[in-house]
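The values are calculated or read from the model by the stated rules, or taken from the named source; none is laboratory data. Fair warning: this is a prediction, and the values are worked out from it, not measured in the lab. Note that each Cβ is placed from the backbone with ideal geometry, even for glycine, and that neighbours are counted across all protein chains shown. Accessible surface areas use protein heavy atoms only, side chains included; no ligands, DNA or RNA. Shrake-Rupley method; radii C 1.70, N 1.55, O 1.52, S 1.80 Å.
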Amino acid sequence: MEATGRTALCVCSVLFVVTGISCELIHIPSLVHHVIEGQSQLLPVETRFPLDKAEIQGTWSYTKPSRTRITLVTFTKNSAIIDMGHRNILNFKEPNISLGILNLSRDNEGDYHLSLNIEFHNETGRVIKEERTVVVTVDVPISVPEIHKSPSHSVIEDKANVTWTCSVSSGTRVEFKWFRDNVELGSSERYHFTQDRSTLLINPVKKEDKGTYRCQAKNPVSKPLESKAVELNVYYGPYNLEVNSGQGLRTGGVFTINPGELVFFECQADSNPPNSFVWISKRHNETQIITEGPRLEFLSYRLAQAEDYLCRAFNNVTKKQDEAQFTLVVAGLGTGSGKRTQEGGSVSPLAAISVCSLFIIACMLLFFLRRTCHPKRVLMSIYNRPFSQQDRPHRSGHEDATEDFGIYEFVSIPGKMDSTQASCRSLSHLESSQDLHTTIYDVIRHVPENQCQSLLK
């Protein structure tokens, strides 16, 4: 008997000296207990020495959150005295020194303190004192949290604040967390929480605050529960305004396109609600509205044409606007330098009309020249002169040659090649002949020299 007590003490002493860890004569598995209101809880105590080899004396006391301390049980190995005010809710069975608490309420939560004196039979007069404190909390399970937003309507960036509130209909010691688009929110310059984090104030609201909000609630006796999602709509913008085109060549803020190329320009900006767009032309220090809408169609045939254009975006709710200016140059980029309106480089309608018009004009000119300058018609006009002009007396045949210059057609009639002359009347029927061989000669105007000059020669 004496050897047992001495052995236990020696082992504990050596263990403490070598490892620095004290050898516990009593052990409590859990020092904190979270209990649901109305349930019972056992505060177990394990003894690591033989109770029949020692004498014990101890107390269980209770300290309220108000720091008032009450002794609940005073006990020895063979007897126990329970406080009369708590005998209906306490369960204590000696020599086991564990304490049971029945039908816990919020009034029963607090610190439960065990103080135990141990005296081994072989160490009479030497008392070992052990003390432990167990924390007991009593809570009500939480209900599904509900989230509320104020104001309930959409808000304008930089002009409004938003207050979020998360609440539960039941539950104690509730902890709240906030999420936007599944990302937990923390305190910041614009995000302010109450102490229990049940309320979130966003002051002021920004574009990045737009999204879906949820709150999460939990307590020591309940798993985390989430509220339904609520959308926060923030009106903002326009931001990052720019003009783009999938055609032509772009260098900075200058677009270069081919003549006759149909080009589409897109004006884009980050805004909520969507912007209204206006396209403006700037010429000679004057501005003119071309069209409205996010898209501009441009078609030009003028080369080396440089003009400035402006896209203006306006948000009708935030009353903010932004502008993007660009320069458009119409110049030949060469084959394949730009994307045509249609695949395969199709010709524009205006170009097709121009080509057809030129072709028709050329055909009309050719027809007119053929009608007015045909050699046969010229020759026949000479042969059909009046006889008064044809029978004038000629001495040499060249005195009046200045009047007969032009284009002549000499006709050879098959079967009559021996004839040296043909009458004027027979020539009048040559136009209807189908088997004629003609030769065209150009008679150049020639003025005969006077008689004196010819004699000198």
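Residue by residue, here is whether (1) of a type in the set (A, V, I, L, M, F, W, C); (2) modelled with pLDDT of 65 or more; (3) open to solvent by less than 50 Å² (accessible area, probe 1.4 Å); (4) on the phi < 0 side of the Ramachandran plot holds:
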residue: K320; (1), (2), (3), (4): no, yes, no, yes
residue: G334; (1), (2), (3), (4): no, no, yes, no
residue: Q342; (1), (2), (3), (4): no, no, no, yes
residue: P375; (1), (2), (3), (4): no, no, yes, yes
Of (1) in contact (Cβ under 8 Å) with a residue 60 or more places away in the chain; (2) over 23 Å from A217 (Cα atoms), P141 satisfies every one except (2)
Looking across segment 129-140 at residues that are buried (at least 16 other Cβ atoms within 10 Å of the Cβ) and of a type outside the set (K, R), the single one that is nearest to I56 (Cα to Cα) is E130
The number of residues in segment 104-150 that are part of a strand (DSSP E or B), under 53 Å from the mean Cα position of the chain (by Cα) and not hydrophobic (A, V, I, L, M, F, W, C) is 6
Residue hits (segment 173-201; under 27 Å from E37 (Cβ atoms), open to solvent by 40 Å² or more (accessible area, probe 1.4 Å) and assigned to a loop (DSSP other than H, G, I, E, B)) are R173, T194, Q195, D196, R197
When segment 37-49 is checked residue by residue, the ones that are surrounded by 15 or more Cβ atoms within 10 Å (Cβ to Cβ) and either under 55 Å from the mean Cα position of the chain (by Cα) or over 30 Å from S222 (Cβ atoms) (or both) are E37, T47, F49
Per the filter on segment 55-81, residues in a strand (DSSP E or B) and closer than 12 Å to I97 by Cβ are I56, Q57, G58, T59, W60, V73, T74, F75, T76, A80
Within segment 203-222, the residues that are open to solvent by 20 Å² or more (accessible area, probe 1.4 Å), closer than 22 Å to P273 by Cα and not in a loop (DSSP other than H, G, I, E, B) are K207, E208, T212
Examine segment 93-101 for a residue that is more than 30 Å from T318 (Cβ to Cβ), touching a residue at least 60 places away in the same chain (Cβ under 8 Å) and open to solvent by 70 Å² or more (accessible area, probe 1.4 Å), and state whether such a residue exists.
no
Within segment 283-301, restricting to residues that are open to solvent by 100 Å² or more (accessible area, probe 1.4 Å) and not in a strand (DSSP E or B), the one that is modelled with the highest pLDDT is N285
Counting only residues in segment 59-85 that are in contact with a Leu (Cβ under 9 Å, 6 or more places away or on another chain) and within 14 Å of V134 (Cβ to Cβ), the one surrounded by the most Cβ atoms within 10 Å (Cβ to Cβ) is identified as W60
Output for Cβ contacts, cut-off 8 Å, separation at least six or different chains, first residue free of Cβ contacts under 8 Å to residues at least 40 places away in the same chain in segment 30-46, second aliphatic (A, V, I, L, M) and outside any loop (DSSP other than H, G, I, E, B), reads E46/I26
query: If you check V155 against the conditions, is it under 30 Å from L200 (Cβ atoms), at pLDDT 95 or above and surrounded by 14 or more Cβ atoms within 10 Å (Cβ to Cβ)?
result: yes
Screening T76, T172, T163, T137 for residues that are farther than 30 Å from F193 by Cα and among the β-branched types (V, I, T) leaves only T76
